[in-house]
Amino acid sequence: MSRPRILVINPNSNPAVTQGLEDALRPLGFEGGPELVCQTLAEGPFGIESQADVDGVAVPLRRLVEGDNSSAAFVIACYSDPGLQVCREGTERPVFGIAECGVLTALARAETFGVIAIAQRSIPRHMRYLRQMGLTDRLAGERPLNMSVAETASGEGTLARMIDVGRALRDQDGARAIVMGCAGMARHRRPLEDALGIPVIDPTQAAVSMALGTVQFSAH
């Protein structure tokens, strides 16, 4: 009997981000459990950094999900949750967005949370989403790195900058948990948590953990 598969989709076309996702998700793999497959969306931009980028990948994501008859669940690994609702319309199988799952996980760990964004222009987009979710009253603050997706995934000095921003969210804004606001930050979760001393949520790990539970319980 074949193992069920969870497809984790990187909606940008940067393979370094996809590799970072694979590395971050390795601890969630276990013998006999669902297969975790990370895939790069070839049609996507090199980094999703604007509303135009978010809107532009929705239809390709829908095509990918709708045409996949093998996966038991899908995870859209971009913090803007691009195409989440249109993908859910395209399949009866569960589709998880990492922003939604990351924030919900943070709420289970702390009363208030902060978000580390890649850039200042990402923050209004994230705030609109939090307002739609009705969760702005639990947000302590959101601060930007002012770096690109590519820089967060493979650039030098990213962790040091994340620690500085994380400390400001903790000490000045009152955040008691931190959500990393970009899938490209995945490799920095553990060292960032060690440096800050409060929970740090990698939203892709959070989303895949939810997908694992859903797939496992549907099979037993």
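Under 9 Å by Cβ, and 6 or more places apart or on different chains, what pairs join a residue from segment 16-28 that is among the basic types (Lys, Arg) with one that is at pLDDT below 90 and surrounded by 24 or more Cβ atoms within 10 Å (Cβ to Cβ)?
Within 9 Å, no pair qualifies.
Go through ALA160, ALA168 for me and flag whichever is touching a residue at least 12 places away in the same chain (Cβ under 8 Å) and farther than 21 Å from PRO15 by Cβ.
Exactly one residue qualifies, and that residue is ALA168.
Yes or no: HIS188 closer than 27 Å to LEU36 by Cα, touching a helix residue (DSSP H, G or I) at 6+ places or on another chain (Cβ under 6 Å) and not charged (D, E, K, R)?
Yes; evaluated as a whole, the condition is true for this residue.
Step by step: first the residues of segment 71-98, then only those that are within 16 Å of PRO34 (Cα to Cα) and either of a type in the set (Phe, Trp, Tyr) or modelled with pLDDT under 95 (or both), then the one that is surrounded by the fewest Cβ atoms within 10 Å (Cβ to Cβ). Which residue is that?
PHE96
Go through segment 157-213 and count every residue that is surrounded by 24 or more Cβ atoms within 10 Å (Cβ to Cβ), assigned to a helix (DSSP H, G or I) and of a type in the set (Val, Ile, Thr).
Residues meeting the conditions: 2.
Could you list, in sequence order, all residues of segment 19-52 that are in a helix (DSSP H, G or I) and either in contact with a helix residue (DSSP H, G or I) (Cβ under 7 Å, 6 or more places away or on another chain) or open to solvent by less than 10 Å² (accessible area, probe 1.4 Å) (or both)?
The answer is GLY20, LEU21, ASP23, ALA24, LEU25, LEU28, GLN51.
The values are calculated or read from the model by the stated rules, or taken from the named source; none is laboratory data. Predicted model only: the values in this text are computed from it and were never measured. Methodologically, a virtual Cβ is constructed for each residue, glycine included, from the backbone with ideal geometry; neighbour enumeration extends over all protein chains shown. Accessible surface areas use protein heavy atoms only, side chains included; no ligands, DNA or RNA. Shrake-Rupley method; radii C 1.70, N 1.55, O 1.52, S 1.80 Å.
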